[in-house]
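The following block contains the structure, expressed as structure tokens.
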Amino acid sequence: MNALDLDQIAVDTFHEGVPAVATLIAGAVATFDADRNASRRYLMRASAILRARGAHEPGDGRLSRPRGGLAQWQLNRVVEYIEQHLAEKITGEDLSRLVELSIGQLFRAFKVSVGMPPLRYVALRRLESVCSLLRTSRDPLCEIAVAAGYCDQAYLCRVFRRTLGASPAAWRRAHFTGRHVSTAALHA
């Protein structure tokens, strides 16, 4: 891929609503040296938005909106809300009010757009958050559980083991990077 292709993709994606991702990445770069936690939060939000946008159409680099899926503004609003409220209780009613759809309509359209229902997406994002914290933090599991939106450590352990096949402690021993990020800093 040459520079002209990259420029064209940048122009195409700008017109499709990706400036939010560009702004998040710019924020991550700007805060990288001064506040690594803020930089990490920016990048996690950008990553979540890009994952939620779905597949590219082959050939022209434009983002496609699957038939029956959410409009781009609706998808952006739901994903942003999920990212901002990941540590809190998120209900289908909360999400459906954001985009002025019934819960059933939202769930069907979100699944078409993202490939999974919204509450499963929330659960996946929470697990990704836990893995990130386990990889970079020495904080106790009870603090990580609450920071990621779980009601307690026991529930986190059950979900983690069922999904990833290992306990959080075993997973942490296998993947710890040694760079410290506090759970308190993630919510600052």
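Computed from the coordinates by the stated procedures, all read-outs in this text should not be read as laboratory data. Here the structure is a predicted model, which means the values were calculated and not measured. FYI the Cβ positions are ideal-geometry reconstructions off the backbone, even for glycines, and counts take in every protein chain you see.
With 10 angstrom as the radius, rank 42, 81 by how many other C-beta atoms surround their C-beta, starting from the fewest.
Lowest count first: 81, 42.
Here is a follow-up. Arrange the following residues from fewest to most other Cβ atoms within 10 Å of their Cβ: 107, 176.
Ordered by Cβ neighbours within 10 Å, fewest first: 176, 107.
Restrict the search to the range 72-134; then list the GluC sites (Glu not before Pro) that DSSP places in a loop and that have at most 16 other Cβ atoms within 10 Å of their Cβ.
Here the GluC sites (Glu not before Pro) that fit, given the DSSP loop and packing criteria, are 88, 100.
Karplus couplings for the range 70-86 from phi (6.51 cos²θ - 1.76 cosθ + 1.60, θ = phi - 60°), rounded to Hz, Gly and Pro as x?
With coefficients 6.51, -1.76 and 1.60, one gets 6, 5, 4, 5, 5, 4, 4, 5, 5, 5, 4, 4, 4, 5, 6, 10, 4 Hz.
Can you list, bin by bin at 5 Å, the percent of alpha carbon pairs in the range 62-160, starting at 0?
That works out to 2, 13, 23, 21, 14, 12, 9, 5, 1, in percent per bin.
Could you give the size of the charge dipole of the range 65-115 about its Cα centre, using +1 on the Cβ of each K and R and -1 on the Cβ of each D and E, expressed in debye and rounded to the nearest 20?
Here the range 65-115 has a charge dipole of around 320 debye.
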